[in-house]
Amino acid sequence: MGMTHKQRAIVALTGGTPDYVPTFEMAFQLTEEAFGRSFHQGPEYDGLPEEDRLALCRDNAALYLEIARRYEHSIVMVAHAPSSIFPQRDMELVYTMRCIRAQALAAGEDYLLITHGDATFAIPEGDHLERMIAWLADEPERLHAEAEQLITHTCGRSLYYAEAGFDGFALCSDYAFNANPFFSPPRFAEYVAPYLRRILQAYRGMGKYTIKHTDGNIMPILDQIVNAGPHALHSLDPQGNMDIAEVKRLYGRRIALC
């Protein structure tokens, strides 16, 4: 008897050789084209009675399973919930995850179920970009304070997800443009890498699996990301001139590559 999808994913994430390569989508964006419907999410659902919102969660769970079955995914990234407000949204994500697991197990299937869990600086936008540049120049201690606040805020939510039954986390802060990272390697080492390492260690301590996502050319900071300790690296972006063969040569014995 072959591996389950979940077993296949865990073997790959922990450095083993599964029966065949597991696949997944961090964000499947073609549900209308493939299935004729979309995930339920948005502020228009915030005020619905809980019973109605949970019915929408069950519909989302069924769509996640349709995607996984048609495209033979081993990992399901659960990121859609009807509500846009917290903690209502957190409860809906957990309920959706439990519905996926229950429906899959009833059909003799099992998937590795993950959700968002990053707590590190991404490339800033808008006013945050101007503020971050000013702090880098004049008040670096404020950047550390904000990084600490991100860790504290995210870890509480992630602990809830972990205790509720999620198998792991995708850390989706983008660090780089096509040409280069936003932070120089020394500044990445100061303002991002220590916090990335802390949250990854926390997730490993919970027994959870981690996939670090970032687009762009991360070669100048790749050693720091790998040393922080994720189980896998995603997405090795060709548009960012990332060469999967070279990354495998350098780090393939230490980390799974997506």
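For the pair residue 153 and residue 52, what calculated FRET efficiency results from E = 1/(1 + (r/R0)^6), where r is the Cβ-Cβ distance and R0 = 30 Å, to the nearest 0.05?
In this case the efficiency is close to 0.55.
Using 7 Å Cα-to-Cβ label points, what is the residue 257/residue 133 separation (nm, one decimal)?
In this crude spin-label approximation the distance works out to 3.5 nm.
Would you calculate the separation in nanometres between label points at residue 27 and residue 72, each defined as 7 Å from the Cα along the Cα-to-beta-carbon direction?
2.7
What's the angle, to the nearest 10 degrees (0 to 90), between helix 126-138's Cα axis and the longest principal axis of the chain?
30
If I fit a long axis through the Cα atoms of helix 193-205 and take the longest principal axis of the Cα atoms of the chain, what angle between them do I get, 0 to 90°, rounded to 10?
30
Sorted by accessible area with a 1.4 angstrom probe, largest first, how do 45, 160 fall?
Ranking 45, 160 by accessible area, largest first, yields 160, 45.
Return the single residue from 22, 181, 140 with maximal mean-square fluctuation; model: Gaussian network over the chain, springs between Cα atoms under 10 Å.
140
Only four residue types carry charge here, +1 at the Cβ of Lys and Arg and -1 at the Cβ of Asp and Glu. Report the dipole size of the chain about the Cα centre in Debye, rounded to the nearest 20.
The dipole magnitude comes to about 1100 debye.
What translational diffusion coefficient, to the nearest whole µm²/s, does region 1-91 have by Stokes-Einstein, given a Kirkwood radius computed over alpha-carbon pairs, a temperature of 20 °C and 1.002 mPa s viscosity?
Value of D from the Cα-based Kirkwood radius: 146 µm²/s.
Could you state the number of Å between the C-alpha centres of region 34-70 and region 97-167?
22
Comparing 202, 62, 107, which has the greatest mean-square fluctuation in the GNM of the chain with Cα pairs linked when under 10 Å apart?
Among 202, 62, 107, the largest GNM mean-square fluctuation belongs to 107.
Just to be sure I understand: of the beta bridges DSSP finds with both ends in region 107-258, what percent are antiparallel, rounded to 5?
10
Could you give the size of the charge dipole of region 20-110 about its Cα centre, using +1 on the Cβ of each K and R and -1 on the Cβ of each D and E, expressed in debye and rounded to the nearest 20?
Around 200 debye, computed over region 20-110.
Taking the DSSP beta bridges in the chain as the whole, what percent of them are antiparallel, to the nearest 5?
Close to 5 percent.
By how many degrees, between 0 and 90 and to the nearest 10, does the Cα long axis of helix 88-106 differ from the longest principal axis of the chain?
Taking the Cα atoms of the chain, the angle to 88-106 is about 50 degrees.
The values are calculated or read from the model by the stated rules, or taken from the named source; none is laboratory data. Quick caveat, the model's predicted, so the values are computed rather than measured. Positions of Cβ are generated from backbone atoms using ideal geometry, with glycine treated the same way; all protein chains shown enter the neighbour counts. With ligands, DNA and RNA removed, areas are computed over all heavy atoms of the protein, side chains included. Shrake-Rupley method; radii C 1.70, N 1.55, O 1.52, S 1.80 Å.
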